[in-house]
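Student: Following this message is one structure expressed as structure tokens.
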Amino acid sequence: MRIPAKGIAKTPLLASLDDARAKDADWRNGRTFSLVYWAGDDVLEVLHDAFMKYFSENALNPLAFPSLKRFESEVVAMAGNLLGHPSVAGSMTSGGSESILMAVKTARDWARSHRPNIKEPEMVLPISVHPAFQKAAHYLGVKAVHTPIDAGFRADAAAMKSAITDNTILLVGSAPAYPHGVVDPITEIATLALDRELLCHVDACVGGFMLPWVKKLGYAVPDFDFSVPGVTSMSADVHKYGFAAKGASCVLYRSRELRRHQYVAYADWPGGLYGSPSAAGTRPGGPIAAAWAVLQHLGEDGYLRIAQQSMTTARAVMDGIRAIPELRVMGEPTMSIFAFDSAAVDVYALADAMDRRGWHLDRQQKPPSLHMMITPAHAPHVAEILADLEKSVAEVRGSTAASAGSAAMYGMLGALPDRSQVNEFILEFMDSLDAKS
Ligand SMILES: Cc1ncc(COP(=O)(O)O)c(C=O)c1O
């Protein structure tokens, strides 16, 4: 495709965008279980209007746009207050992955100045942490040392202790981890870090703007934030359960001294003195303004209402799943994200059967399971989800036909002992995507 020789007028152009998205996932009717967080069109309108006011602004230069710097500082402060540290230091980033990348870079550079003997730094990661840590390892030259999770799908702190070597700089726990929605034993992990004088990052990308409300509503939530001694940094995404526009996360530190290791300064560029807090150069103003606006607009009362609705809906879906004899909710999910598996049916075939009914469930592995992330968008659809799950289980129960569709692919890839072959398959797949256009 080439840029058209003659520009196309706005009306037909926007109509072609509407045509293009007609077959995309129907998130407004609860058909997706991750990817989109929607708290209603009234909230969307506030986000949209705030975003559009700052559509063209660039937070790269805080001197040119002091209002964006103020919003960023205030979002970070609001997150810190929510997460047990009123005088927190931090930055906003484009999302959870960038926040994690920054936290690992900070740990690496902290170790360079405080533990200069370490030449090959390592971080200890329960296998359930988000792949962004693997990405950070890859980009930053920090070795990822993986440790198992226990029967309840939580990080095994004893295994983490055994994995610490003289090269370890960072221990990581999740609150909660994405795959099973359970909070790791943060107090144990952070105590270990304190004892060994290591840094400890809590990835609360998905839980940071949800668990505090869940706790306030009276549900059991283990300690997971800066109130736990030894936790030195956290990531918390406003664009997940903060219901902000995409492109908004916080990376938070116990001290300014620690945050300093995140920054990059370059004094010798002919283009001028350059300082950058995070991975991005140009930083879109829209997500920062919208994040600030939605926190102000919803307030504690709005977030408590949304958290209650998400929890009630998630519990209803989980209870319904538990009532289907073939299915099992895995572990004891702390909030509104969870996984279920089955000893009786092929869950990948089940996911394909749900796909045919319009529901997009994420497939997981080790062991095979399906994932749900519940938000208020699902509240009106609980009965429908459960009825379709029951029908889909009946459809795939006792099926002796060879698996087809994604079930066959997942089954085959899951069984391959050589994971480098699977990595190669993933890379091939990514390469093949743009060939279609
Ligand atoms: C626990 C956790 N950490 C990190 C991330 C990465 O966030 P993002 O997709 O915004 O980069 C996710 C995304 O789902 C997550 O669930």
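Student: Looking at the stretch 48-295, what % of its DSSP beta bridges pair antiparallel, to the nearest 5?
Tutor: On the way: 15 of 31 bridges.
For the stretch 48-295, the DSSP antiparallel bridge percentage is about 50.
Student: Moving on. If the convex hull of the alpha-carbon atoms of the stretch 48-295 is projected onto planes in all directions, what is the mean projected area in square nanometres?
Tutor: On the way: hull surface 53.7 nm².
Its Cα hull, projected and averaged over all orientations, spans 13.4 nm².
Student: Using r as the Cβ-Cβ distance of residue 379 and residue 264, and R0 as 41 Å, what FRET efficiency do you calculate, to the nearest 0.05? Walk me through the numbers on the way to the answer.
Tutor: Values: r = 44 Å, r/R0 = 1.07.
Working from the Cβ atoms, E equals 0.40.
Student: Still on this structure: Report the per residue volume, in Å³, of the convex hull enclosing the C-alpha atoms of the stretch 280-369. Each step should come with its number before you reach the end.
Tutor: Details: hull volume 15.4 nm³, N = 90.
Taking the convex hull of the Cα positions in the stretch 280-369, it is 171 Å³ per residue.
Student: So what is log10(I(q)/I(0)) for the stretch 60-167 at q = 0.13, 0.21, 0.23 1/Å, when the Debye sum runs over its Cα atoms only?
Tutor: -0.65, -1.17, -1.22
Student: Helix-derived [θ] at 222 nm for the chain: sum -39500 (n - 2.57) over DSSP H runs of at least 4, divide by residue count, nearest 500? Provide the component values of the computation, followed by the final result.
Tutor: Values: 14 runs with 188 residues, N = 437.
Mean residue ellipticity at 222 nm (helix-derived): -13500 deg cm²/dmol.
Student: Can you work out the FRET efficiency for the pair residue 28 and residue 197, with r the C-beta to C-beta distance and R0 = 45 Å, to the nearest 0.05?
Tutor: Working: r = 49 Å, r/R0 = 1.09.
The formula returns an efficiency of 0.35 here.
Student: Which order do the peptides 329-335, 418-424 take when ranked by the mean count of other beta-carbon atoms within 10 Å per residue, highest first? Don't skip to the answer; put the middle values down first.
Tutor: Numbers: 329-335: 20.7, 418-424: 10.1.
For the peptides 329-335, 418-424, the packing ranking is 329-335, 418-424.
Student: Structure shown: which of 161/366; 53/215; 10/69 lie over 26 Å apart, alpha-carbon to alpha-carbon?
Tutor: Details: 161/366 23 Å; 53/215 35 Å; 10/69 33 Å.
Violating the 26 Å Cα-Cα cut-off are 53/215; 10/69.
Student: Sticking with this one: If R0 is 41 Å, what FRET efficiency do you get for residue 19 and residue 159 from their C-beta distance, rounded to 0.05?
Tutor: Working: r = 52 Å, r/R0 = 1.27.
Plugging the Cβ-Cβ distance into 1/(1 + (r/R0)^6) gives 0.20.
Student: So for the chain: antiparallel DSSP bridges make up what percent, rounded to the nearest 5?
Tutor: Numbers: 24 of 41 bridges.
Just about 60 percent of them are antiparallel.
Student: Arranged from highest to lowest average of other beta-carbon atoms within 10 Å per residue, in what order do the peptides 311-319, 55-63 appear? Kindly include the intermediate steps, with their values, before the conclusion.
Tutor: On the way: 311-319: 18.4, 55-63: 14.3.
By packing density, highest mean first, the sequence is 311-319, 55-63.
Student: Right, another one. Tell me which lysines have Cα within less than 22 Å of residue 216's Cα, excluding those fewer than 8 residues away on the same chain?
Tutor: Answer for residue 216, where 22 Å is the Cα cut-off: 240, listed by chain and number.
Student: I've got another one for you. Which of the aspartates and glutamates could be linked to residue 119 by a straight reach, that is with a Cα gap under 13 Å, when you skip same-chain ones fewer than 8 residues away?
Tutor: Reachable aspartates and glutamates: 109, 166.
Student: So for the stretch 48-295, averaging the separation of alpha carbon pairs under 8 Å that are six or more residues apart and normalising by length, what relative contact order in percent results? List each step's numbers first, then the result.
Tutor: Values: 521 pairs, mean separation 70.6, N = 248.
Here the relative contact order equals 28 percent.
Student: At residue 301 and residue 8, where each label point lies 7 Å from the Cα along Cα→Cβ, what is the point-to-point distance in nanometres?
Tutor: Going from the residue 301 label point to the residue 8 one covers 4.6 nm.
Student: On a full-extension model of 0.36 nm per residue, what is the gain between residue 312 and residue 366, subtracting their alpha-carbon distance, rounded to one decimal in nm?
Tutor: Numbers: separation 54, 0.36 × 54 = 19.44 nm, distance 2.85 nm.
Gain on stretching residue 312 to residue 366: 16.6 nm.
Student: Which value in Å is the Kirkwood Rh of the stretch 352-437 over different Cα pairs?
Tutor: 15.3 Å
Student: To continue, here is another question. At a 10 angstrom cut-off on C-beta neighbours, averaged per residue, how do the peptides 77-85, 116-124 rank from highest to lowest? Write down the numbers at each step before the final one.
Tutor: Details: 77-85: 20.8, 116-124: 16.3.
The most tightly packed comes first, giving 77-85, 116-124.
Student: Still on this model: The chain: percent of C-alpha pairs farther apart than 31 Å?
Tutor: Values: 43058 of 95266 pairs.
The share of Cα pairs beyond 31 Å in the chain comes to 45 percent.
No lab work stands behind these numbers, since they all come straight from the coordinates. On a predicted model such as this, the values are computed, not experimentally measured, just so you know. All Cβ positions, even for glycine, are placed from backbone atoms using ideal geometry, and neighbour counts span all protein chains on display.
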